[in-house]
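Take a look at the structure set out below.
The values are calculated or read from the model by the stated rules, or taken from the named source; none is laboratory data. All values derive from a computational prediction rather than experimental measurement. Positions of Cβ are backbone-derived with ideal geometry, glycine not excepted, and every protein chain shown enters the neighbour counts.
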Amino acid sequence: MCETRFDIQKIEGDFYNVGAPENNVDSIINVIIGDIASAKVKIDRSDRSFPASVAIKIEHNMLNTKRRIVLRYKSYSSHIERAYFLAEQNIINGKQSAMELLNEMYCNSLEKYEIDSFEPDIAQVRQHADEIISDVIKQLRKFVYNSANVTQYKEQVEIGLSVVVAHAFVECCVLENPNNATN
């Protein structure tokens, strides 16, 4: 992470050095990542096949270098579904809120690449698909680390970030749904 330092010579008046209030709020995504992190997962690196619908989504969006996050998701898929199920039981609209946040991050990323987020041009999405996924992960990382309930270990957070974004891809909240294609 990058930080900015200031050299303040003289302070006059009241000065309050407190963190931003949004850093003191728990995040649903962090609950999901915490559940994923605590799951016992057996990863089979030799099984590199995808279900047909996921393979079609990868091909439709021309995802290349970021396909590997979908492989990671495959290992955690039942655990993330369980984590969302638990979030739904404990947080009103937990999964929906998390998916809306991820879709908003996707739309923000589209706009960074000057792609209309209301009616995305699939050719432009395809051209930037890997960068868009990377950007969504970057936005989510910042969001997660600025929340009050960050998972204890950085490695778990990093795995959770890619699994959550891959799940959002599979659920068509990030990148485009081939069933909605006009070309």
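Can you tell me which residue in the range 107-139 is surrounded by the most Cβ atoms within 10 Å (Cβ to Cβ), limited to those that are part of a helix (DSSP H, G or I) and among the hydroxyl-bearing types (S, T, Y)?
If we take residues in the range 107-139 being part of a helix (DSSP H, G or I) and among the hydroxyl-bearing types (S, T, Y), then S109 is surrounded by the most Cβ atoms within 10 Å (Cβ to Cβ).
How many residues does the range 58-72 hold that are surrounded by 15 or more Cβ atoms within 10 Å (Cβ to Cβ), over 18 Å from the mean Cα position of the chain (by Cα) and part of a helix (DSSP H, G or I)?
Residues that pass the stated criteria total 1.
Which residues, counting only those in the range 73-106, are surrounded by fewer than 17 Cβ atoms within 10 Å (Cβ to Cβ) and in a helix (DSSP H, G or I)?
Within the range 73-106, S78, E81, R82, F85, L86, E88, Q89, N90, Q96, S97, E100, E104 meet the criteria.
Just one of (1) out of contact with any Pro (no Cβ under 7 Å at 6 or more places or on another chain); (2) at pLDDT 90 or above trips up K57, so point out which.
Only one criterion is unmet by K57, namely (1).
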